[in-house]
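> After the structure tokens below, expect a handful of questions from me.
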Amino acid sequence: MKIVVLIKQVPDTTEVKLDKKTGNLIREGVDSIVNPDDRQALELALQLKDDCQAMVTAVSMGPPQAVDVLSEALGMGCDAAVLLTDRAFAGADTWATSTTLGKAIEKIGDFDLILCGYQAIDGDTAQTGPQIAEYLGLPQACYVDNIENVEAGKITVTRRNDEGYERLSLTLPALLTVSKITVAPRYPMMGNLIDAGCEDAAIQIWNAVDIGALNSELGMEGSLTQVVKTFSPKTKRAGELLEGDVPEMVSELLGKVRQAHLI
Amino acid sequence: MGVWIDSELCNGCKRCLKACPYDAVAMRGDKAVILEHCTACGACIEACRQDAVKTDVVAREIPDFSDHRGVWVLAEAQGGELNPVSLELLGEAQELARTLGQKVGVILPGWDIAGLAPTLARFGAAKICLAEDKALATYRVEIYTEIVAELVAEYKPDILLIGATSRGRELAPRLARRLKAGLTADCTMLEIDPDEKILLQTRPAFGGNVMATIASRYSRPQMATVRPGVMQPCECEGSQAEIINHLVKVPETPAVAAAKVLEVVREAKRKVRLNEAKVIVAGGRGTGGEMGFKLIEKLAEGFGGEVAGTRIAVEEGWVPVERQVGQTGQAVRPELYIACGISGAVQHRAGMQDSRYIIAINKDPGAPIFSVADWGIVGDLHQIIPEMLTQMAL
Ligand SMILES: Cc1cc2nc3c(=O)[nH]c(=O)nc-3n(C[C@H](O)[C@H](O)[C@H](O)COP(=O)(O)OP(=O)(O)OC[C@H]3O[C@@H](n4cnc5c(N)ncnc54)[C@H](O)[C@@H]3O)c2cc1C
Ligand SMILES: Cc1cc2nc3c(=O)[nH]c(=O)nc-3n(C[C@H](O)[C@H](O)[C@H](O)COP(=O)(O)OP(=O)(O)OC[C@H]3O[C@@H](n4cnc5c(N)ncnc54)[C@H](O)[C@@H]3O)c2cc1C
């Protein structure tokens, strides 16, 4: 069985803090990490490798330093890795991102399963997985938290939704987006990295020409949406802090609540 | 391809630094420069008032889309019941359509849905397109993509809004790819640009730390998923709607044939609709546990409201997950939201800051929750809430 896992390098937004005075983001010193859902996708892929000798390839599109997330994937136990890097890929919306990743997967060619994270913690759209499935004409399951089994060319999964959960059977090849799995993803290990490094082709680097893409379908030029502006979320009311001892503050508060006809 | 700054034109105003979501612009001396890890997202280009941010991306011609008209909603129903977000979207669609001088349409695929048409009309739909078939009783994204794509191609809307429910967020991207249309995720604000007459779609990104406004100039329909609980439904009196019954033919594509639902489990408890409550009393880590939540419950009861919690309170098991408020929980906008022992992290505020009135009780005067509160009390909730109960004679 051959599995492709798509992983994205993201800034660790859980570390991001607001500047108390200006209300702007402080991003200095924020680490780059493997997107959390993608680590979970890697874990599910590597469990299949443990169980049935699947061959796992990690693929990432990003600037040259995104090679770090692929090293981490190899350290976790992936067999091969591909970095898609080219100035022409920059500024892609999810339409152009799914074209780029879709073409890279077509070039890899031989695969049974594609695993993505459900959502990246920077762009936050959760659109890339389903758009790649559509590009490749594959069935999809989003928000998968467990792979029950792979048998006779079919995969059975459970996935969460707003109402509860579903069990689905998909004929392979298929695409899954992964989130909230029940086990913690494994840590990268030096030994794995060295093993992977021994093989010549551990991390391949492909550009636009390698995946047979025209610049007009990539990056900002190939995108259908544009970011027009970004700003910090506004906090719109200035809180009035009540003063006095506890009974006084409470009585003033309840007075205001009554005035606003809330009781 | 890329972005750079013409230092001759740069006046060092730093607008581009603020605009960059990736922190990829820095000052070198009194001029801005673009750093290596720039993703060329373009936010700085729009921010610069000196025209100093340059790009070699050729300005593309915007095609003529005058044959695309109407603000359409893709409604969602389950077991003969509409998802409330569909009516919220119709409310927003009415406003957008008024601004554009266009009509509101709705597409509703499913089974056992014919009875829902009057409700859709009452909440603002002028054209209702029903795609009813037994094959759509069990939701599958591959089949729904086929059916909805066909209808969108037929009606050519200018704008298509979809609820950012678990279904919507997996269907919309697949549909957008099929329609060759741009898509904006999980929007919390929509408006029409007064000059270009295009849809400006604002959404939180970076875990709610950044708001981004997105435009889809190069494709139609302009598609957006919209966060449930954010827009307002709006009933209109005596409205007449045209109802079209669409004949459904489920095509046998490989993707449709490849997917089968084995089991659907509905967890009844997930049904709590916090966003229908008039008053919500919410607790966080500062409640200290079950004892503290007893107080929250009593206060909620006193107001005839519902209990809610932060993600921490959910993780601690003090309040069930379906009562989590915030970015990964529910978005609520009650008349009154009382936040007790809640710090007010951006992910929590994202779900409650549109409440009509907000009260915050926290012992730390610097807690960010006070910045969104109308009235705040700095103090220990274990003293304040009992005093409230006493004074309310509860
Ligand atoms: C502030 C901001 C807002 C944006 N809003 C939109 C928008 O509304 N619509 C839109 O079309 N684009 C938007 N974009 C662009 C979008 O972030 C990029 O297209 C990005 O490449 C993919 O989207 P995502 O980060 O949301 O990933 P998601 O779609 O959330 O990612 C899901 C999964 O896809 C895989 N994946 C995603 N990117 C990569 C990658 N580079 N390499 C390998 N695997 C990957 C991962 O497995 C990931 O877990 C926005 C960008 C910014 C900066
Ligand atoms: C991707 C992502 C998504 C998230 N989604 C959500 C979400 O949907 N909803 C959500 O809530 N969070 C969410 N979070 C978590 C969020 O970042 C915060 O960690 C969380 O909201 C904090 O919860 P809290 O206010 O209960 O706890 P804390 O931040 O620990 O705050 C506790 C507060 O209680 C006060 N306090 C302590 N004792 C007392 C007392 N005796 N009397 C009065 N005050 C007291 C303290 O001063 C403090 O301000 C998300 C995080 C991430 C990264």
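The values are calculated or read from the model by the stated rules, or taken from the named source; none is laboratory data. Just so you know, these numbers come straight off a predicted model, no measurement behind them. Methodologically, a virtual Cβ is constructed for each residue, glycine included, from the backbone with ideal geometry; neighbour enumeration extends over all protein chains shown. For the accessible areas, the whole protein counts, side chains as well, though only heavy atoms, and no ligand, DNA or RNA atoms are used. Shrake-Rupley method; radii C 1.70, N 1.55, O 1.52, S 1.80 Å.
> In the list B:Tyr155, B:Tyr139, which residue meets the criterion of being of a type in the set (Ser, Thr, Tyr) and under 23 Å from the mean Cα position of the chain (by Cα)?
On inspection, the qualifying residue turns out to be B:Tyr139.
> Does region B:151-162 contain at least one residue that is within 13 Å of ligand 1 (Cβ to nearest atom), touching a residue at least 40 places away in the same chain (Cβ under 8 Å) and at negative phi?
Yes; the residues of region B:151-162 include at least one that is within 13 Å of ligand 1 (Cβ to nearest atom), touching a residue at least 40 places away in the same chain (Cβ under 8 Å) and at negative phi.
> Now, a different point. Assuming A:Ile147 fulfils every condition listed in (1) within 8 Å of another protein chain (Cβ to nearest Cβ); (2) open to solvent by less than 40 Å² (accessible area, probe 1.4 Å) apart from one, which condition is it?
(1)
> Further question on the same structure: Can you name the residue in region B:376-394 that is over 19 Å from B:Gly288 (Cα atoms), out of contact with any strand residue (DSSP E or B) (no Cβ under 9 Å at 6 or more places or on another chain) and within 7 Å of chain A (Cβ to nearest Cβ) and is also surrounded by the fewest Cβ atoms within 10 Å (Cβ to Cβ) among such residues?
Here the residue is B:Gln391.
> Would it be correct to say that B:Ser219 is open to solvent by less than 10 Å² (accessible area, probe 1.4 Å), in the same structural domain as B:Arg122 (by TED's automatic domain parsing) and not aliphatic (A, V, I, L, M)?
yes
> Which one of the conditions (1) within 16 Å of ligand 1 (Cβ to nearest atom); (2) in contact (Cβ under 8 Å) with a residue 24 or more places away in the chain does B:Thr328 fail to meet, given that it meets all the rest?
Every listed condition holds for B:Thr328 apart from (2).
> Okay, next question. Somewhere in region B:185-199, is a residue within 9 Å of another protein chain (Cβ to nearest Cβ) and more than 16 Å from B:Val71 (Cβ to Cβ)?
yes
> Here is a list: A:Leu113, A:Leu44, A:Leu101, A:Leu83. Which entry is in contact with a strand residue (DSSP E or B) (Cβ under 8 Å, 6 or more places away or on another chain) and within 16 Å of A:Ser216 (Cα to Cα)?
Just a single option satisfies the conditions, and that option is A:Leu101.
> Looking at B:Ala282, B:Ala255, B:Ala277, can you tell me which residue is among the small types (Gly, Ala, Ser), surrounded by 12 or more Cβ atoms within 10 Å (Cβ to Cβ) and within 12 Å of chain A (Cβ to nearest Cβ)?
The unique qualifying residue is B:Ala255.
> Could you check, for region A:157-168, whether at least one of its residues is over 24 Å from B:Thr165 (Cβ atoms) and modelled with pLDDT of 95 or more?
Within region A:157-168 (the criterion being over 24 Å from B:Thr165 (Cβ atoms) and modelled with pLDDT of 95 or more), the answer is no, since none of the residues qualifies.
> Here's a follow-up. Going by what's in this entry, would B:Lys260 be described as part of a loop (DSSP other than H, G, I, E, B) and either more than 16 Å from ligand 2 (Cβ to nearest atom) or under 26 Å from B:Arg140 (Cβ atoms) (or both)?
No; evaluated as a whole, the condition is false for this residue.
> Then there is this: Could you figure out which of (1) at pLDDT 95 or above; (2) over 23 Å from A:Ile121 (Cβ atoms); (3) open to solvent by less than 10 Å² (accessible area, probe 1.4 Å) isn't true of B:Ser355?
(1)
> Are there any pairs with C-beta distances below 7 angstrom linking a residue in region B:187-204 that is in a strand (DSSP E or B) to a residue that is open to solvent by 80 Å² or more (accessible area, probe 1.4 Å), with the two at least 6 apart or on different chains, and if so which?
From residues that are in a strand (DSSP E or B), the pairs are B:Ile192/B:Thr99; B:Thr202/B:Met189.
> Suppose the filter is within 16 Å of ligand 1 (Cβ to nearest atom), at the interface with chain A (Cβ under 8 Å from one of its Cβ atoms) and of a type outside the set (Lys, Arg); does B:Ala373 pass it?
No; evaluated as a whole, the condition is false for this residue.
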